[in-house]
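Undergrad: Have a look at this one before I ask anything.
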Amino acid sequence: MSRGNTRQRIQDVALELFAERGYEKTSLREIAEQLGVTKAALYYHFKTKEDLVTSLFEDLVLGPADEVIAWARIHRPTTLEAKLQILRRYSACISNATPLVRFMHENQATLRELSIGEQMKERIFTLLGFLKDEDAALTDQVRCTSALFTMHSTLFTLDSSGAGPEDKRRAALEVAEELVTAAHHGDGAA
C-alpha cells in the first residue's frame, strides 16, 4: 500500500498498527512516532483515532461500496447475472482494502462502538438485500449471506495457504458466485 500524500501515509501507518496491535492499544502518539512526525502534525489531519478510522473506511470501502450499491439500484438485480455482477463489483471493491477487512475482523467489538461500524453494517445489509430474495428458503438466504462473508474472510484467513491476494480474491469470488447461483436456483428449497 504505497500511497503518496501525508494523509494517506498516516492512514497506511495507522492501519498497519491497528491491525498489528489492535485499535484500542494504538495511540495517535505511536502513529506519529512511527511516521516520524509530531502529534501536532498528525492532529492537523486527524483529531481523533475515530476520525482516522472513519477516513480509512470512507476512502477504501464505503465510497467504492456505495458505487456498487448505486449500480445495483439502477439495474434492480433480479436475474442471476445481475446478482453475480454485484459480487464481482464488490469483490473488486474490497480487494483494494484487504488490510481494512482484516482490521474489521480483528476489531469487531471496537467497530460496534464506532459510528463507522454501523455505516459498514448498513452497506453489507444493503448488498445482501440485492443478492437474496425475501421469500427464499432460509438455506438460500444463508447462502447469500455466506457469499459476502466468504469474500471478506478469505482475504486474510488463508494467509498460510501460500496463495497471493489476487488468487485468494478470485477463489473467494468463485465460491461466492456458486453460493448465490445455488440460492438463485432455489437449491435450498425443501
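The values are calculated or read from the model by the stated rules, or taken from the named source; none is laboratory data. Every value quoted in this text rests on a predicted model; they were computed, and no experiment measured them. We place every Cβ from the backbone using ideal geometry, glycine too, and count neighbours over all the protein chains shown. Side chains are part of the model used for accessible areas, which takes the heavy atoms of the whole protein and leaves out ligands, DNA and RNA. Shrake-Rupley method; radii C 1.70, N 1.55, O 1.52, S 1.80 Å.
Undergrad: Return the whole-Å distance between the Cα centroid of region 124-150 and the Cα centroid of region 8-70.
TA: Using only Cα atoms to place each centre, the spacing works out to 31 Å.
Undergrad: Which of the GluC sites (Glu not before Pro) found in region 77-172 are in a DSSP loop and have at most 10 neighbouring Cβ atoms, other than their own, within 10 Å?
TA: Hits after loop and neighbour filter: 134.
Undergrad: Over the chain, what is the mean sequence separation of C-alpha contacts under 8 Å (at least six apart), divided by residue count, expressed as relative contact order in percent?
TA: Dividing the mean separation by the residue count of the chain yields 22 percent.
Undergrad: Tell me the Kirkwood radius of region 129-190: reciprocal of the mean inverse pair distance over distinct alpha-carbon atoms, in Å.
TA: Taking every pair of different Cα atoms in region 129-190, averaging 1/r and inverting gives 12.1 Å.
Undergrad: Something else: Work out from phi, with θ = phi - 60° and the Karplus expression 6.51 cos²θ - 1.76 cosθ + 1.60, the ³J(HN,Hα) of each residue of region 129-135, listed in order in whole Hz, and give x for Gly and Pro.
TA: x, 6, 8, 10, 8, 4, 9
Undergrad: If you plug each phi of region 68-83 into the Karplus form 6.51 cos²θ - 1.76 cosθ + 1.60 with θ = phi - 60°, what whole-Hz ³J(HN,Hα) values come out, in order, with x for Gly and Pro?
TA: 5, 5, 4, 4, 5, 5, 5, 8, 6, x, 10, 8, 4, 4, 5, 5
Undergrad: Which order do 38, 145 take by accessible area at a 1.4 Å probe, largest first?
TA: 38, 145
Undergrad: Please compute the modelled spin-label separation between residue 133 and residue 44, points set 7 Å along Cα→Cβ, answer in nm with one decimal.
TA: With each label placed 7 Å out from Cα toward Cβ, I get 5.7 nm.
Undergrad: While we're looking at this one, here's another question. How charged is the neighbourhood of residue 161? Take every other residue with its Cβ under 9 Å from the Cβ of residue 161, and add Lys/Arg as +1 and Asp/Glu as -1.
TA: Charge balance in the 9 Å sphere: -1.
Undergrad: Using the beta-carbon distance between residue 174 and residue 25 and R0 = 45 Å, what value does 1/(1 + (r/R0)^6) give for FRET efficiency, to the nearest 0.05?
TA: 0.80
Undergrad: Now for a separate question. Suppose each label sits 7 Å from its Cα in the direction of the beta carbon; what would the residue 81-residue 124 distance come out to in nanometres?
TA: 3.1 nm
Undergrad: If you stretched the chain out fully between residue 112 and residue 67, how much longer would it get, using 0.36 nm times the residue separation minus the C-alpha to C-alpha distance?
TA: Extra length from residue 112 to residue 67 when fully extended: 13.8 nm.
Undergrad: Using just the Cα positions, wrap the chain in a convex hull and report its mean projected area in square nanometres, one decimal place.
TA: Average of the hull's projected areas for the chain equals 11.7 nm².
Undergrad: Which residues make up the longest stretch of the chain that has no trypsin sites (Lys or Arg not before Pro) in a DSSP loop with at most 13 other Cβ atoms within 10 Å?
TA: No qualifying site falls inside 48-190, the longest such stretch.
Undergrad: Return a single number: how many Lys pairs in region 1-147, at a sequence separation of 8 or more or on separate chains, have alpha-carbon atoms below 28 angstrom apart.
TA: 11
Undergrad: Measure off, as a whole percent, the carbon and sulfur share of the 1.4 Å-probe accessible area of the chain, all protein chains present.
TA: 51 percent
Undergrad: Which whole-number value in Å² is the accessible area per residue of region 111-179, probe 1.4 Å?
TA: 54 Å²
Undergrad: Angle check, please: helix 138-157 long axis (alpha carbons) against the longest principal axis of the chain (alpha carbons), in degrees 0 to 90, nearest 10.
TA: Result, in degrees: 30.
Undergrad: At a probe radius of 1.4 Å, what is the per-residue accessible area of residue 30, in Å² to the nearest 10?
TA: About 40 Å², rounded to the nearest 10.
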